[in-house]
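The values are calculated or read from the model by the stated rules, or taken from the named source; none is laboratory data. These numbers come from a predicted model, not from an experiment. Note that we place each Cβ from the backbone using ideal geometry, even for glycine, and neighbour counts take in every protein chain shown.
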Amino acid sequence: MTLLTFRFAPSPNGELHLGHAYSALLNQRMAARAGGRLLLRIEDIDITRCTPEFEAGLLRDLEWLGLRWEQPVRRQSEHFAEYQAVLDRLIAEELVYPAFMSRGEIRAFIAETEKRGRGWPRDPDGVPLYPPLDKALPARERRRRIAENMPFAWRLDVEAAIARVSAGLSWAEFTDETMSATRAIEAKPRAWGDVIVARRDIPTSYHLAVVLDDTLQGVSHIVRGQDLYAATSVQRLLQELLGLPQPRYFHHRLILGPDGRKLSKSFKDTGLAALRQAGLSPQDVTRLVGL
Ligand code: GLU
């Protein structure tokens with residue numbers, strides 16, 4: 001029998017807050033109830049924003065909270081060669097293309113389109129979809145720009161990707177944390193347009209690293225915040241494209257700040273370190289997040 005496997009996957013680009021505590025403790029509780037495993041993964045591909053100090057702080061906070069996870073901890077920055085191998089496959093299959101437009105150029109393109117009275121679609125996070133210009137660049141021009149060291153990112157050709165996988169992409173979402181029932185959710189990867197799959201200097205992106213790591217670590221149950229619900233569409237498409245198994249999902253409620261908004265890492269007063277210093281116990285935090 002294979003054990004159900006859960007994971008908590010924070011990014012060390014700031015301090016953990018109550019929202020992370022809820023997610024970590026909920027994963028631990030669901031894993032314990034299922035007699036399953038709990039893994040910890042450090043999502044530190046953004047080597048400019050992630051630091052060893054934040055990572056040390058995060059481990060300290062999680063230990064203090066009472067989280068217990070299996071060793072070894074997977075640190076994404078140590079696995080760039082694995083991501084590169086998969087990226088090379090996507091490049092060879094022409095499912096990704098180099099995208100050269102800067103933020104300013106994208107803005108100008110959209111402003112121009114909107115001036116002509118046409119709206120421009122935004123993704124579920126409100127970011128404008130990537131314009132279709134670079135997808136049409138001839139191979140020679142792409143090679144020339146890359147040889148000239150122009151900055152670029154590898155973007156998924158979402159239409160080509162959808163055409164490659166079977167129709168009717170969906171995922172199984174648990175209806176609550178007891179995992180007694182799931183419902184099928186239709187994946188809508190087009191909503192994100194041609195997402196970034198890798199950078200010139202970093203051979204992966206959040207989406208690509210997550211789907212590969214969840215497979216490599218044997219994660220069967222992904223429990224994470226509602227803020228990543230829409231991202232699941234892109235991740236399901238990548239899983240199908242790469243022939244990866246499909247985990248089950250539970251997107252939990254978010255812990256909101258006093259202003260009713262999602263907590264962020266700059267929200268000092270709900271940071272776990274600050275709460276600990278203010279004298280709260282791990283039990284207080286557990287109660288505060290409603291567990
Ligand atoms: N590293 C992501 C974050 O900090 C979570 C990734 C995931 O759970 O899929 O928000």
Report summary line: In segment 166-205, anything at pLDDT below 95 and closer than 30 Å to Phe100 by Cβ is listed as Arg200, Asp201
Report task. Please enumerate the residues belonging to segment 242-261 that are hydrophobic (A, V, I, L, M, F, W, C) and in contact with a Phe, Trp or Tyr (Cβ under 6 Å, 6 or more places away or on another chain). Result -> Phe250, Ile255
Query raised in the report: So which of Leu62, Leu67 ends up being assigned to a helix (DSSP H, G or I), within 29 Å of Asp176 (Cα to Cα) and at pLDDT 95 or above?
Result: Leu62
Query raised in the report: Looking at (1) assigned to a helix (DSSP H, G or I); (2) surrounded by 14 or more Cβ atoms within 10 Å (Cβ to Cβ), which is the only condition Ala81 fails?
Result: (2)
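Right, Arg41: near the ligand (Cβ under 10 Å from one of its atoms) and of a type in the set (D, E, K, R) or not? Reasoning before the result, please.
Values: near the ligand (Cβ under 10 Å from one of its atoms): yes; of a type in the set (D, E, K, R): yes.
For Arg41, the condition - near the ligand (Cβ under 10 Å from one of its atoms) and of a type in the set (D, E, K, R) - is met.
To keep it simple, each residue is scored yes or no on (1) without any contact (Cβ under 8 Å) to a residue 40 or more places away in the chain; (2) touching a strand residue (DSSP E or B) at 6+ places or on another chain (Cβ under 8 Å); (3) at positive phi.
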| position | (1), (2), (3) |
| --- | --- |
| Ala21 | no, no, no |
| Arg41 | no, yes, no |
| Ile47 | no, no, no |
| Thr51 | yes, no, no |
| Gly66 | no, no, yes |
| Trp69 | no, yes, no |
| Arg74 | no, yes, no |
| Phe80 | no, no, no |
| Leu87 | no, yes, no |
Query raised in the report: With respect to Arg37, is the statement that it is crowded, with 20+ Cβ neighbours inside 10 Å and basic (Lys, Arg) true?
Result: no
Requested in this report: Considering only segment 218-252, state which residues are within 25 Å of Pro72 (Cα to Cα), within 12 Å of the ligand (Cβ to nearest atom) and part of a loop (DSSP other than H, G, I, E, B).
Outcome: Val219, Pro247
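Of a type outside the set (Val, Ile, Thr) and closer than 28 Å to Arg122 by Cβ: does that describe Glu240?
On the way: of a type outside the set (Val, Ile, Thr): yes; closer than 28 Å to Arg122 by Cβ: yes.
Considered against the rule, which asks whether it is of a type outside the set (Val, Ile, Thr) and closer than 28 Å to Arg122 by Cβ, Glu240 comes out as yes.
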Report summary line: When segment 152-171 is checked residue by residue, the ones that are surrounded by 12 or more Cβ atoms within 10 Å (Cβ to Cβ), assigned to a loop (DSSP other than H, G, I, E, B) and out of contact with any strand residue (DSSP E or B) (no Cβ under 7 Å at 6 or more places or on another chain) are Val165, Leu169
Report summary line: How many residues of segment 84-106 are at pLDDT below 95 and either crowded, with 16+ Cβ neighbours inside 10 Å or closer than 22 Å to Arg164 by Cβ (or both)? The answer is 0
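Is it fair to say His207 is surrounded by 14 or more Cβ atoms within 10 Å (Cβ to Cβ) and under 21 Å from Ser77 (Cβ atoms)?
Details: surrounded by 14 or more Cβ atoms within 10 Å (Cβ to Cβ): yes; under 21 Å from Ser77 (Cβ atoms): yes.
Criteria met by His207.
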Report summary line: (1) in contact with a helix residue (DSSP H, G or I) (Cβ under 7 Å, 6 or more places away or on another chain); (2) surrounded by fewer than 19 Cβ atoms within 10 Å (Cβ to Cβ); (3) under 23 Å from Thr286 (Cα atoms) all hold for Phe6 apart from (2)
Requested in this report: Please enumerate the residues belonging to segment 135-157 that are within 11 Å of Tyr97 (Cβ to Cβ) and either under 22 Å from the mean Cα position of the chain (by Cα) or among the polar types (S, T, N, Q) (or both).
Outcome: Phe152, Ala153, Trp154, Arg155, Leu156, Asp157
Report task. Give me a count of the residues in segment 125-134 that are closer than 11 Å to Phe100 by Cβ and not in a loop (DSSP other than H, G, I, E, B). Result -> 1
